[in-house]
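Student: Dumping the structure here so I can ask a few things about it.
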Amino acid sequence: MRFALILVLAAALPSTAPAALLAHVSTTVGDITVELQYDKAPQAVANFITLTEGTRAHIDADTGALSHEPYYIGEKFFRVVDDATFKIAQTGSGTGTNSGGPGYTFKDEFDLSLRHVPYVLSMANSGPNSNGSQIFFVGNSTPSHLDDVHTLFGLVPDAASRATIDAIHAAGNDGSSITAITFERTDAAAEAFDEFAQNLPTVTPLEGALEVTPGDSSRFVVSSPLEHGDMLAFTRSEDLATWLPALKNHLGINEDPSAVTSLTLDDASSSRAFYHPVLARHPGAVAPSLTANLSFNLAVTNASLVFAFDETGTAGTVTYTPATGSVVSGTFNYYSGSSSAHEINFIADTNLNPQYFLIKVGCDDQSDGTISGRHNTQSWNGTQWTLFDAGSATIAGLE
């Protein structure tokens with residue numbers, strides 16, 4: 001009876017088999033096995049696999065050229081935070097610094113079952129819907145403030161892998177690097193996961209011709225049809241050794257792609273110049289590229305904050321409306337900003353207190369002239385940007 005009872009209990013034990021899609025990450029301080037959550041974060045997993053294997057084209061962070069070179073291999077963990085309550089090790093920029101990426105972005109993917117508990121793999125970002133190639137491992141800490149802010153796409157449950165992550169943290173900034181990554185699929189569901197069918201951006205050469213009028217302009221005449229969400233990127237060199245950004249143009253949802261037939265790159269004053277023209281196409285993009293007549297409505301704690309641009313797109317009115325108390329209104333000037341396929345951000349110089357706001361809006365959906373999404377808004381305290389508030393957001397005024 002005792003033997004039979006043991007059999008019954010053993011049969012009732014939960015399975016400890018690993019997830020079906022595994023990434024084996026070798027580093028200079030040990031190996032890590034990651035259980036990739038392809039059913040909950042399919043774009044993040046597909047992006048990681050295809051960049052690693054060199055099967056997804058990207059823009060070289062140093063030259064701006066189209067590249068199929070495998071990502072991550074040889075990259076250092078350039079940012080390592082080893083505080084008691086916040087331990088992360090970040091890599092994947094392509095530059096070895098906090099600046100860099102693949103030249104495209106994709107949306108956030110959040111799942112309530114995936115939380116930033118100890119020893120997980122997540123996407124680094126610069127705001128809502130700005131995922132690219134940068135990733136980070138969480139060490140022995142629980143940074144819950146990253147939940148539903150960063151896309152978590154991998155779990156690290158085994159002790160040996162966790163010990164390697166601890167060693168990466170102990171090594172500090174630039175103290176360790178990735179030497180190899182391989183993938184393993186252990187069942188039919190993992191085999192069926194198609195990393196090329198997850199609606200990720202594509203990077204291709206931009207078709208067209210260069211027209212040069214010496215001393216006047218270098219213009220690129222576009223010959224292929226353009227679409228909303230297209231990012232047209234050019235770098236420029238005079239010696240084929242040093243490449244610098246020449247132009248980056250995002251065709252937002254409130255811009256007519258057919259109206260963009262040529263792009264001015266420079267004044268053609270140099271005796272020679274070389275260019276890398278690259279197109280990053282983002283399916284399903286809904287972010288605007290122009291701010292004229294748009295109203296950014298931000299939900300903040302027990303209040304709303306609205307930045308309403310005038311017809312110039314460079315100034316407007318700002319209104320803070322609390323749930324109780326007096327409404328505060330003022331004016332603002334557009335200080336700087338940018339947009340990409342799924343997000344738009346700008347700095348507003350206001351006559352309020354605080355004076356400067358950095359508004360980042362992730363654009364999720366668009367319907368009837370209104371974009372819905374999420375915002376992360378920061379204010380300047382005289383020394384650095386600090387979080388003002390975050391929450392839901394809408395952008396109104398699209399025609």
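The values are calculated or read from the model by the stated rules, or taken from the named source; none is laboratory data. Remember, it's a predicted structure, so these values are computed and weren't measured experimentally. Methodologically, a virtual Cβ is constructed for each residue, glycine included, from the backbone with ideal geometry; neighbour enumeration extends over all protein chains shown.
Student: Check His276 against each of (1) free of Cβ contacts under 8 Å to residues at least 40 places away in the same chain; (2) closer than 22 Å to Pro257 by Cβ; (3) assigned by TED's automatic domain parsing to the domain that holds Gly215 and name the one condition it does not meet.
Tutor: All conditions pass for His276, except number (1).
Student: Checking Gly139 against (1) under 20 Å from Asp83 (Cβ atoms); (2) without any contact (Cβ under 8 Å) to a residue 12 or more places away in the chain, which single condition isn't satisfied?
Tutor: Unmet condition: (2).
Student: Which condition does Arg281 not pass, out of (1) at pLDDT below 95; (2) under 21 Å from Ala65 (Cα atoms), if it passes all the others?
Tutor: The number of the failed condition is (1).
Student: Still on this structure, I have one more. When the residues of the stretch 132-155 are filtered to those that are in contact with a Lys or Arg (Cβ under 7 Å, 6 or more places away or on another chain) and crowded, with 23+ Cβ neighbours inside 10 Å, which remaining residue is farthest from Gly229 (Cα to Cα)?
Tutor: Only one residue tops the list, namely Gly139.
Student: Which members of the stretch 351-393 meet the condition of being under 20 Å from the mean Cα position of the chain (by Cα) and either outside any strand (DSSP E or B) or among the hydrophobic types (A, V, I, L, M, F, W, C) (or both)?
Tutor: Residues satisfying the conditions are Leu358, Ile359, Val361, Cys363, Ile371, Trp385, Leu387, Ala390, Ala393.
Student: Quickly run through the stretch 134-153 and pick out the residues that are in contact with a Ser or Thr (Cβ under 7 Å, 6 or more places away or on another chain) and either on the phi > 0 side of the Ramachandran plot or assigned to a loop (DSSP other than H, G, I, E, B) (or both).
Tutor: Gln134, Ser141, His150, Thr151, listed by residue number.
Student: Ok, one more. Scanning for something in a strand (DSSP E or B) and touching a Leu at 6+ places or on another chain (Cβ under 9 Å), does the stretch 282-294 turn up at least one residue? Don't jump to the end; show me each part of the working.
Tutor: Initially, the stretch 282-294 is screened for residues in a strand (DSSP E or B), giving none.
No, the stretch 282-294 has no match at all.
Student: Of the residues that sit in the stretch 296-338 and are farther than 22 Å from Ser372 by Cα and within 25 Å of the chain's Cα centre (by Cα), which one is surrounded by the fewest Cβ atoms within 10 Å (Cβ to Cβ)?
Tutor: My answer is Ser336.
Okay, residues lined up against (1) small (Gly, Ala, Ser); (2) closer than 30 Å to Asp365 by Cβ; (3) at pLDDT 95 or above; (4) surrounded by fewer than 14 Cβ atoms within 10 Å (Cβ to Cβ):
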{"residue": "Val221", "(1), (2), (3), (4)": "no, no, yes, yes"}
{"residue": "Ser224", "(1), (2), (3), (4)": "yes, yes, no, yes"}
{"residue": "Gly229", "(1), (2), (3), (4)": "yes, yes, yes, no"}
{"residue": "Phe234", "(1), (2), (3), (4)": "no, no, yes, no"}
{"residue": "Ser237", "(1), (2), (3), (4)": "yes, no, yes, no"}
{"residue": "Trp243", "(1), (2), (3), (4)": "no, no, yes, no"}
{"residue": "Ile253", "(1), (2), (3), (4)": "no, yes, yes, no"}
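Student: Still on this structure: Checking the condition among the polar types (S, T, N, Q), under 22 Å from the mean Cα position of the chain (by Cα) and assigned by TED's automatic domain parsing to the domain that holds Ile32, which residue from Ser141, Ser161, Ser133 passes?
Tutor: Ser133
Residues are listed down the side, and each one gets a yes or a no for (1) crowded, with 20+ Cβ neighbours inside 10 Å; (2) under 17 Å from the mean Cα position of the chain (by Cα); (3) of a type in the set (D, E, K, R):
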site	(1), (2), (3)
Asp62	no, no, yes
Phe77	yes, no, no
Val81	no, no, no
Gln90	no, yes, no
Thr97	no, yes, no
Phe106	yes, yes, no
Phe110	no, yes, no
Leu114	yes, no, no
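Student: Does the stretch 388-398 include one or more residues that are touching a residue at least 40 places away in the same chain (Cβ under 8 Å) and crowded, with 22+ Cβ neighbours inside 10 Å?
Tutor: Checked the stretch 388-398: at least one residue is touching a residue at least 40 places away in the same chain (Cβ under 8 Å) and crowded, with 22+ Cβ neighbours inside 10 Å.
Student: Further question on the same structure: Considering only the stretch 224-244, state which residues are within 13 Å of Val278 (Cα to Cα) and among the hydroxyl-bearing types (Ser, Thr, Tyr). Reasoning before the result, please.
Tutor: So in the stretch 224-244, the residues within 13 Å of Val278 (Cα to Cα) come out as 224, 226, 230-236.
Correct list: Ser224, Thr235.
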